[in-house]
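Worksheet for the structure shown next.
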Amino acid sequence: MKSDEAIKLLADPRFLDKLYAYAYRHCSTFHEAQDLCSDMILAILKALRRNTEIQHFPAFAWTVAHRVYADHCERRKRENDRFVSMENAGSQEYPAGEAFPEQMRSMTGNPIDTMLEERFEREDREKQLREVFREMSFLSRSYRSVMIMYYLEERKIADIAASLGLNINTVKQRLFLARKTIKKATAEHNKEVHKMEQHNPNINRTLQPISLCFIGTGNPQEGDPRDKAERILSQNLIYMCRSTAKSAEELARELNVPMPYIEQELEIQCRGVNGSYGMLRSTGAGKYISNVLIVDKKEYLAANEIYRKQAPAFRRHLTETAETEKEKIRTLHWPGLSADSRLILWLLTARAIWAFQRKVEDELGKIFSHTEPAKRPYTTVAIEAFEEVSYFYGCDGIGAWHTGGYSKISLSNLYGNRLQKHFTCGHNVSQDPMLLLTIRSVNGLPLSELNEEEQEIAAKAIQCGYLQKDGEFLKPAIVVLDNDSDQALWSIADGLVERTGELARNLAAELAEFMKKHIPPHLMSEYVYYNNCIACNRFFHDVVEECIDQGTLNAPANPLGPEGVLMILEK
């Protein structure tokens, strides 16, 4: 008969009743009989699918069932021999000959069928062995080590106990629990394989790993955990712990990565770069949870929308201030240098936005008055990477002391959608020839004094927006201020923001309600950084674009131009 016809016979309730009765007679417990019967049905079904023609279904099916039972007995005997001291509930042994039903003794199977069945059963055993090894890789270190020593290295329990500094009973207990865990996990894994069509690929990080965009504030030299989270494994590990504490085993299974790699990665992410600030923290119960704010695309856009709604009103305040303070703005420059009001307005825009964010922060502090805000030299947040994050604007600052005849030099540069970054935090001014030449040109540097090498440096500095030619002299193209001018610029920005009190209160009230719903309870003290590093990311971009549209700001001709670059000198 065809295999399809034989499969229908396999589903006959009368045959299934006989098969279960056979399993039940030869097992000591109800659950063991169920497992054995299930194994028999599965093996028969596999065998039927591999054979297009079945000569005699009963003989074929009972032959396969007998082989499954024989393997079951052999496994049970090995387990009892090895772990009789660990398991109080022993299982009765049934020799294969005695277990075989009387009516089966006279049956003879097809020799080809027998050969094929032996091959299929051998392949099944190899598959089961691979599954066992796979599950061993997901055991925690304490259980995994004893399993490897006992089964793979074939060491005695007493030897294992001595090597690990444990007593013999502890080793036996770990072996027993590890075997139990593997058996359960293997069964669950097989069920999952047959239900793959029900899986949601959007949450399967094994198939669709995410990448994170990290944004930080403060001095990264004080300990930046981003340095330990550059790999895909690192980012997906911390992303999966963003709001719920998970164990190493849970993470290993969800990422389909063996435990040794997960355990090591967890240690790295908890330690960070300075031993005190990492991407993850231990809950103390064998589980790990994010130590930094992590948001996905949907949450990021929703949080930014709260700020974006206030951008038009804020831009109007900025435009009004630029008009009323234009004469004062023109006086903000280093003595001897002409002021470029367009560049000053870029700096004013940035400072006004930052001052507005601090005002919102003050309002949030009133709402979260019972929550002590987190304070550290450097803080980072993570955002699920996508194209919208490119609209983020940031600012990096560097400094130098006793350089170029000045006691202190402070430099900063804006970067974002319209501006490229000139330098990053930690950049060494004393080893940057273009910046050194820019410092020399503050009071005017005759071109005739430049040697050939310096002329090449000057050409690059002009291309990068640092320098410009003024007749036969080189002068800074960027804004250069002294301390008094710098404070005057901040004063204008603060005066602007004083008139945005209602905007800040309304924004803070809405943002606070949003944060209460989305910030995990264990990270509520990070609400300040949620405001500064996540919610307001698009705000800078929106204000800049509106100001360019209205003519308040100039559109940079060159992304690596002088816009947003500031040098403050102290004599």
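The values are calculated or read from the model by the stated rules, or taken from the named source; none is laboratory data. None of these values were measured; they are calculated from a predicted model. As a convention, Cβ positions derive from the backbone with ideal geometry for all residues, glycine included, and neighbour counts pool all protein chains shown. Quick note on the areas: whole protein, heavy atoms, side chains included, nothing else; ligands and nucleic acids left out. Shrake-Rupley method; radii C 1.70, N 1.55, O 1.52, S 1.80 Å.
Protein heavy-atom accessible surface, 1.4 Å probe, per residue over the stretch 1-55: 61 Å². Per residue, the accessible area of the stretch 282-430 comes to 46 Å² when a 1.4 Å probe rolls over the protein heavy atoms.
Under 5 Å between amide hydrogens, built in the peptide plane, is the criterion, and for Thr283 it picks out Tyr288, Ile289 among residues at least 5 positions away or on other chains. Listed peptides 253-263, 365-375, 158-168 appear in the order 253-263, 158-168, 365-375 once ranked by packing, highest mean of other Cβ atoms within 10 Å at the front. Would you calculate the separation in nanometres between label points at Asp35 and Ser338, each defined as 7 Å from the Cα along the Cα-to-beta-carbon direction? Spacing of the two 7 Å Cα→Cβ label points: 8.9 nm.
Would you mind classifying the stretch 484-571 by shape? Square roots of the alpha carbon gyration tensor eigenvalues, ordered a ≥ b ≥ c; an a/c under 1.5 is rounded, otherwise it is prolate if a/b is larger than b/c and oblate if not. The shape class here is prolate. One decimal place: the segment Arg358-Arg505 gains 51.7 nm when fully extended, by the rule 0.36 nm per residue minus the C-alpha distance. Dipole magnitude for the stretch 318-438: about 380 debye, using +1 per Lys or Arg Cβ and -1 per Asp or Glu Cβ, origin at the Cα centre. Length gained on full extension, Ser247 to Ser525: 97.7 nm, using 0.36 nm per residue less the C-alpha separation.
Our summary gives the stretch 235-369 a relative contact order of 18 percent, counting only alpha carbon pairs under 8 angstrom and 6 or more residues apart. Across the options Phe423, Ala458, Asn413, the greatest Cα extent toward the positive end of the charge dipole of the stretch 337-477 (unit charges at beta carbon of Lys, Arg, Asp, Glu) belongs to Asn413. Residue order by solvent-accessible surface for Asp17, Asp39 is Asp17, Asp39, largest first, with ligands and nucleic acids left out and a 1.4 Å probe. Each residue of the stretch 324-339 is assigned a 3J(HN,Hα), and the resulting list reads 6, 9, 5, 5, 5, 4, 5, 7, 8, 6, 6, x, x, 9, 7, 7 Hz, derived from the Karplus form 6.51 cos²θ - 1.76 cosθ + 1.60 (θ = phi - 60°), x at Gly and Pro. For the pair Arg50 and Leu301 in one chain, pulling the backbone fully straight at 0.36 nm per residue adds 85.0 nm over the alpha carbon distance.
For the Cα trace of the stretch 339-427, dividing Rg by the Kirkwood Rh returns an Rg/Rh value of 1.03. Since only Tyr239, Gly284, Ala322 are under comparison, the one whose Cα sits farthest along the positive direction of the charge dipole of the stretch 215-335, derived from C-beta charges on Lys, Arg, Asp and Glu, is Ala322.
Near Ala374, the amide H atoms lying under 5 Å from its own belong to Glu526, Tyr527, Val528; only residues 5 or more places off or on other chains count, and H is placed 1.01 Å from N. For the stretch 257-270, 3J(HN,Hα) computed residue by residue from phi via the Karplus equation (6.51, -1.76, 1.60; θ = phi - 60°) reads 10, x, 4, x, 6, 5, 4, 5, 5, 5, 4, 5, 6, 6 Hz, glycine and proline entered as x. Annotation: average projected area of the stretch 1-44 is 3.1 square nanometres, based on the convex hull of Cα atoms across all directions.
Here the 3J(HN,Hα) profile of the stretch 442-450, calculated from phi with Karplus coefficients 6.51, -1.76 and 1.60 at θ = phi - 60°, is 4, 9, x, 10, x, 4, 5, 7, 7 Hz, Gly and Pro shown as x.
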